Amino acid sequence: MEDEIWLTAREAADLTGVSVVTVYSWVRRGHLKVEGLDHRGQKLFRHIDVARAEKATRAKAKRVLVPAA
């Protein structure tokens, strides 16, 4: 679609506050799909997919902190 926002791995990492390694981890784990390549051959991701991957992984990463006794 023409009105979609496309992001490189670096842009996705900057937007979500994670590292590029984490973005590629999302790809490897099936949370994020590479949708295309830009003019330099860099992988492109849809903005909405990046947001969904971040939400899914952040929800799983929540930890309950218990005060030390």
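Give me the distance in nm between label points sitting 7 Å out from Cα along the Cα-to-Cβ direction at Gln42 and Val21, one decimal.
Label at Gln42, label at Val21, 2.0 nm between them.
Between Arg10 and Ala59, 0.36 nm times their residue separation minus their Cα-Cα distance comes to what?
Gain on stretching Arg10 to Ala59: 15.4 nm.
What are the ³J(HN,Hα) couplings of region 36-42, residue after residue, when phi is run through the Karplus curve with 6.51, -1.76, 1.60 and θ = phi - 60°? Round to Hz, x for glycine and proline.
x, 10, 8, 5, 9, x, 7
What is the packing order of peptides 50-56, 32-38, taking the mean over residues of other C-beta atoms within 10 Å and listing the highest first?
50-56, 32-38
Every read-out reported here was derived from the displayed coordinates using simple, explicitly stated rules and does not represent laboratory data. Note that the structure is predicted; figures quoted are calculated from it, not measured. Note: ideal-geometry Cβ built from the backbone for every residue, glycine included; neighbour counts use all protein chains shown.
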